[in-house]
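The values are calculated or read from the model by the stated rules, or taken from the named source; none is laboratory data. Since the model is a prediction, treat every value here as computed from it, not as a measurement. Cβ: placed from backbone, ideal geometry, glycine included. Neighbour counts: every protein chain shown. Just so you know, the surface numbers come from the protein's heavy atoms only, side chains and all, with ligands and any DNA or RNA stripped out. Shrake-Rupley method; radii C 1.70, N 1.55, O 1.52, S 1.80 Å.
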Amino acid sequence: MTQSKSSNIVWHEGTVGRKHRELLNQHRGFTIWFTGLSGSGKSTLSVALEERLYQMGCRTYRLDGDNVRTGLNRDLAFSPEDRIENIRRIGEVAKLFRDAGVINLTAFISPYRQDRDMARNLSERGDDDFIEVFVDAPLEVCEQRDPKGLYKKARAGSIPNFTGISAPYEAPADPEIHVRTGDTSIADGVTQIVRYLCTKGYIENELASAVDAD
């Protein structure tokens, strides 16, 4: 983990803590971390899931790769070093959202297991603060979709360090949720995730009946 360059730093605690915020929100704060190749459906799935959770009365915020790179991480490129720093910053932001008692959804390729583990290990309550969702579509399917035309550019050599083509992707070894978007609809993927959240107690179990009624 990158160490702070500043010295004499002490975390300042307030009188309102995470438990108070979660009580107000009526649910826990936790991170749903979507990882997968470009074109696998991470952003689409996270948008649809956030909409479902909002309809269920949950307080959410979604962090998307391209969106974050327009502001917080606009100084970063796509070298291995910059990718590591990109995920480190997002992991810290996700931790702050957890402390706020908000369900945060992060949609990033996040190609390296070590970096995803780093983001997970920032949790203060252990692994159950962090739910890794492997959005799994075969490379050929992602290339056929190619919603941003990036694979075509990468194959032509105009985009260096492109994950899956000229840079590696390390698939999760044991994700909490595995959504195979190559042969599963987005709606079914959302239902799969929400049922997991209800079954594991992240959100109230009685909400599962609303999911099953769809």
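Quick notes on this one:
- Net charge, SER110 excluded, C-beta distance under 10 Å - Lys, Arg +1, Asp, Glu -1: +1
- Top of VAL16, VAL135, VAL179 by mean-square fluctuation, Gaussian network on the chain, Cα under 10 Å: VAL16
- Accessible area of the chain belonging to carbon and sulfur atoms, whole % at 1.4 Å probe: 50
- Using a cutoff of 8 angstrom between alpha carbon atoms and counting only pairs six or more residues apart, the relative contact order for region 75-204 works out to 23 percent.
- Inter-centroid distance (Cα atoms) of region 43-89 relative to region 161-203, Å: 15
- Highest mobility in the GNM of the chain, judged by mean-square fluctuation with C-alpha springs under 10 Å and restricted to LEU45, LEU96, LEU63, is found for LEU96.
- Rounded accessible area per residue of region 61-149, 1.4 Å, Å²: 46
- Candidate values (1) 17.0, 52; (2) 17.8, 56; (3) 18.6, 59, label of the one derived for Rg and Dmax of the Cα atoms in Å: (2)
- The calculated 222 nm mean residue ellipticity attributable to helices in the chain amounts to -12000 deg cm²/dmol, summing -39500 (n - 2.57) over DSSP H runs of n ≥ 4 and dividing by all residues.
- Taking THR199, THR191, THR106 in turn, the Gaussian network model of the chain (Cα-Cα springs below 10 Å) assigns the largest fluctuation to THR199.
- Shown here is the pair-distance distribution of region 87-176: with all Cα-Cα distances grouped in 10 Å bins from zero up to the longest one, the shares run 15, 42, 28, 14, 1 percent.
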